[in-house]
1. Taking residue 202 as meeting all but one of (1) among the aromatic types (Phe, Trp, Tyr); (2) surrounded by fewer than 18 Cβ atoms within 10 Å (Cβ to Cβ); (3) at pLDDT 95 or above, write down the number of the exception.
2. Anything in segment 86-144 that is at pLDDT 95 or above and of a type in the set (D, E, K, R)? List them, or say none.
3. For segment 247-269, enumerate the residues that are surrounded by fewer than 20 Cβ atoms within 10 Å (Cβ to Cβ) and in contact with a strand residue (DSSP E or B) (Cβ under 6 Å, 6 or more places away or on another chain).
4. If residue 282 passes every condition in (1) within 20 Å of residue 72 (Cβ to Cβ); (2) surrounded by fewer than 21 Cβ atoms within 10 Å (Cβ to Cβ) but one, which one does it miss?
5. Pairs, please: C-beta under 9 Å, at least 6 apart or cross-chain, first residue among the aromatic types (Phe, Trp, Tyr) and in segment 1-25, second modelled with pLDDT of 95 or more and assigned to a helix (DSSP H, G or I)?
6. With respect to residue 180, determine if the residue is more than 30 Å from residue 239 (Cα to Cα) and out of contact with any Phe, Trp or Tyr (no Cβ under 8 Å at 6 or more places or on another chain).
7. Contact list please: Cβ distance under 7 Å, first residue in segment 199-214 and over 20 Å from residue 162 (Cα atoms) and among the small types (Gly, Ala, Ser), second residue part of a helix (DSSP H, G or I) and modelled with pLDDT of 95 or more, pairs at least six apart or on different chains.
8. Write out, first by first residue and then by second, each pair whose Cβ atoms fall under 8 Å of each other, whose residues are 6+ apart or on separate chains, and whose first residue, in segment 75-90, is among the aromatic types (Phe, Trp, Tyr) while the second is part of a helix (DSSP H, G or I).
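The values are calculated or read from the model by the stated rules, or taken from the named source; none is laboratory data. Because the structure is predicted, anything quoted here is derived from the model rather than measured. Reconstructed Cβ throughout: ideal geometry from the backbone, glycine too, with neighbour counts over all protein chains shown.
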Amino acid sequence: MRIGISICSSYRVQDPRQGARHMVERARAARDADLDSMFVGDHHVTPSAYYQNTAILGRMLAEWGNKPAGALYLLPLWNPVLLAEQIGTLAAIMQGRFILQCALGGDNSQFAGMGVALKKRVPMFEDSLNIMQALWQGETVSHERFWSIENARIGPVPAEPVEVWIGSMAPAAINRTARMAQGWLASPGTNLQRATDELNQYRQACAEHQRVPSAVAIRRDIYIGATSQQAAQVKEQFVAKGYRGLPDDALMTGSVNEVAEMMAGFEAAGFTDIIIRNMHDDQAEALATIERLADVKRQLD
């Protein structure tokens, strides 16, 4: 079981430099905990500080190492030539392999704010991914359906193939993942039983498309306490506030031993990667959870 981290990009701070410092500190802690991968998310037109993925990842890579890293991109919101160029540059400055996590997106305010038609997001997603993959192979691309692209080429192209994970949960979306990507990223809102059912759908779709996935991943919002009692108290506080709209059984909280046992359940179901996201917005608590993940990893090895 590989344990990665998706570092929170959203912070309510007076000084915008403080949120950026927190992200850099968490990247450094993830490296020290020997986590297996590092990611940042994608969101736009936000009322509070949300640190944009390409720029902040470039800074965080200076604190990382030679393990894989990447970012989530909501593909319909991006010009594919520009994004292919940015990922090509990120892949050139990092030591490890770049992993593209991508998804459709579904927030009306984001699409409206970025001037993109929500109803076109599925074909835009597919065309965008196809265009980028061609560009990364050094091909010249023209396209007229959604973007007016004429004879585009990029440089640098990644030295090794960009690995693509698609986040999906509906049957049609899971089938698209099996058809177009190397890996699947399950929803953070699913419990173990539902995630296992969706994994079985994904495996069937991979077999139909004659694909062997490189990664079967799931994101878990997590808090690891010094004791079981402390973790239970923190979870109770967050659940009472309706934490991110996620159901209780989708949250991963407990002591080191308890969290290791929960992760082992996903490993037994067939998941290869768990990508954690800190529940606690307090920086000291977030760093403590990341540090305790080193002990979780030792138990799972």
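1. (2)
2. Of everything in segment 86-144, those that are at pLDDT 95 or above and of a type in the set (D, E, K, R) turn out to be 97, 119, 120, 121, 126, 127, 139, 144.
3. 262, the sole residue that qualifies.
4. Every condition holds for residue 282 apart from (1).
5. As it stands, the answer is 11/18; 11/19; 11/20; 11/22; 11/23, since those pairs meet every condition given.
6. Details: more than 30 Å from residue 239 (Cα to Cα): yes; out of contact with any Phe, Trp or Tyr (no Cβ under 8 Å at 6 or more places or on another chain): yes.
Here the answer is yes, as residue 180 does meet what is asked.
7. Every condition considered, the pairs that remain are 205/174; 205/175; 205/178.
8. Final answer for the pair search is 78/128.
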